[in-house]
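One structure is given below, encoded as structure tokens.
The values are calculated or read from the model by the stated rules, or taken from the named source; none is laboratory data. Worth saying up front: this structure is predicted, and the values here are computed from it rather than measured. Ideal geometry is used to build each Cβ from the backbone, glycine not excepted, and the neighbour counts take in all protein chains shown.
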Amino acid sequence: MGEEFIKVEHLKKYFKVPAGTNHAVDDVSFAIQKGETLGVVGESGCGKSTLGRTLIHLLEATDGNICFKGQDITHVKGKELKKIREKMQIVFQDPYSSLNPRLRIENTVMEPLKRSGRFHSKAELREEATRLMELVGIDERLRMSYPHELDGGRRQRVCIARALALNPEFIVCDEPVSALDVSIQAAVLNLLKELQQKMGMAYMFVTHDLSVVRHISDNICVMYLGQLVEKSSTKELFSNTLHPYTKALLSAIPSTDIHRPMQRIQLKGEITSPINPRPGCRFASRCPYVQEKCHQPQILEEVSPGHFVSCCRNKEIG
């Protein structure tokens, strides 16, 4: 077991909207060990990106606690927040919009280096920027290029180099390969794994693609409408799926085994609104196993070592 250096307890992030309150992240708890990758998976709009951005203080938490290396950082401000942000970075989904089109690649990577105050000359800055670009596989001849002159894979590598500039210990990877061609996705995923092995960072890997999260994650949290419905090790989740929503997600993965084809689970019913949600399971309106007791508050309970599920019927349908 590694060092538990990020711990999230009962985290909430609500947004006021004209119709009421959007419970984007609602009472979420988990821990991440040093050097580990936690996958957070779910459909678009489930709150997974909001969770990642709240964790690194791009959004302010409504309630709950975030601890980093034993320190409660939920409400840190000013200089303390700046120090924390140096150690917690993010790689965004779209490399086309997350890079300044007017900055050359070298300057993009140098920007956070300038703000760090660790370098005292342009030669030192350029040397470090070159090292970072080499680290992520960008040829030095491209350092004076503009973002529009690079393909999506190289742009995302620039974003990764920029995130590494301040020597982070934790990176939120927010759908980092979903905007890339399938042929490029594997190369970027392998790069992230190689960097993790070299530098010992932890990742939160946010995605809607279970096949991707299976490839890169040690543990997985499945999220539905702001809440965790299942969390476990990657191996356990795929071999012993318990929550009906997770089962439906897994059934959407194409099977390569002609002798054991995956039977697609077609979900029916209306999606519950995250605005002023009622108590009870938020998946109940689409669940094929729903009963009256499902409309009562559900708890995320540990059903086997390290395997948690929020379903009152998990023993019956598992």
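At pLDDT 95 or above and more than 25 Å from Lys13 (Cβ to Cβ): does that describe His307?
yes
Working only within the stretch 113-128, note down all residues that are in a helix (DSSP H, G or I), surrounded by fewer than 16 Cβ atoms within 10 Å (Cβ to Cβ) and not charged (D, E, K, R).
Answer for the stretch 113-128, where residues must be in a helix (DSSP H, G or I), surrounded by fewer than 16 Cβ atoms within 10 Å (Cβ to Cβ) and not charged (D, E, K, R): Ser116, Ala123.
If you take just the strands (runs of 3 or more DSSP E) that sit entirely in the stretch 1-72, which of them hold at least 3 residues that are more than 14 Å from Phe205 (Cα to Cα) and not aromatic (Phe, Trp, Tyr)?
Ranges flagged: 4-17, 20-33, 63-68.
Is it fair to say Leu38 is under 24 Å from Pro147 (Cα atoms) and buried (at least 19 other Cβ atoms within 10 Å of the Cβ)?
no
Among the candidates Arg264, Arg282, Arg278, single out the residue that is outside any strand (DSSP E or B), of a type in the set (D, E, K, R) and buried (at least 17 other Cβ atoms within 10 Å of the Cβ).
Arg282
Any idea which residue in the stretch 59-80 is nearest to the chain's Cα centre (by Cα), counting only those that are farther than 20 Å from Met223 by Cα and aliphatic (A, V, I, L, M)?
Ile73
Mind checking which pairs have a first residue in the stretch 76-91 that is part of a helix (DSSP H, G or I) and a second that is among the β-branched types (Val, Ile, Thr), Cβ under 9 Å, 6 or more apart or different chains?
Short answer, once both residue conditions are applied: Glu80/Ile73; Leu81/Ile73; Lys83/Val76; Ile84/Ile56; Ile84/Ile73; Ile84/Val76; Arg85/Ile56.
Cys67 is checked against (1) among the hydrophobic types (A, V, I, L, M, F, W, C); (2) surrounded by fewer than 17 Cβ atoms within 10 Å (Cβ to Cβ); (3) under 27 Å from Gly153 (Cβ atoms) and fails just one. What number does that condition carry?
Going through (1) among the hydrophobic types (A, V, I, L, M, F, W, C); (2) surrounded by fewer than 17 Cβ atoms within 10 Å (Cβ to Cβ); (3) under 27 Å from Gly153 (Cβ atoms) one by one, Cys67 breaks only (3).
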